[in-house]
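Every read-out reported here was derived from the displayed coordinates using simple, explicitly stated rules and does not represent laboratory data. Quick caveat, the model's predicted, so the values are computed rather than measured. Backbone-built Cβ (ideal geometry, glycine too); neighbour counts: all protein chains shown.
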Amino acid sequence: MALNLLSTSTDALSFYSPFIMILVMVLFMWLFIYRPQKKQQQKETEMRNSLEIGDEVTTIGGIVGRVVAIKEDTFVLETGSDRTKIRFRRAAIQSIEKLNMEGAQTSSK
């Protein structure tokens with residue numbers, strides 16, 4: 001009788017084993033792939049939305065310059081010694097360096 005119950009529970013465990021493995025794999029993918037990617041996207045969106053006139057921007061193409069105008073989804077970048085102005089989409093921003101007003105005031109003494 002006890003042997004019969006033991007074999008029944010082993011059969012049930014072997015039946016549910018593939019489902020448990022799939023569940024563990026989905027959980028692993030969510031924890032280590034989807035969640036960090038979502039956090040990175042949110043961080044990039046916040047960075048792009050914090051764009052202000054005067055910020056120094058590096059685009060995904062490697063162009064570096066200062067922001068001189070901002071519209072809804074685009075901004076104008078002034079670059080080079082001849083002050084060439086180029087219009088970009090906000091999605092083209094790779095990094096932003098904020099203008100340090102305190103540093104500018106202390107260096108002007």
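Please name which of LEU51, VAL64, PHE88 has its Cα lying farthest along the dipole of the stretch 51-107 towards the positive end, using unit charges on Cβ (Lys, Arg +1; Asp, Glu -1) and the Cα centre as origin.
Farthest towards the positive pole: PHE88.
Restrict the search to the stretch 60-89; then list the trypsin sites (Lys or Arg not before Pro) that DSSP places in a loop and that have at most 16 other Cβ atoms within 10 Å of their Cβ.
Filter output for the stretch 60-89: LYS71, ARG83.
How big is Rg to Rh over the stretch 34-84, alpha-carbon atoms, Rh as the Kirkwood inverse-mean-distance radius?
Working: Rg = 13.1 Å, Rh = 12.2 Å.
Ratio of gyration radius to Kirkwood radius for the stretch 34-84: 1.07.
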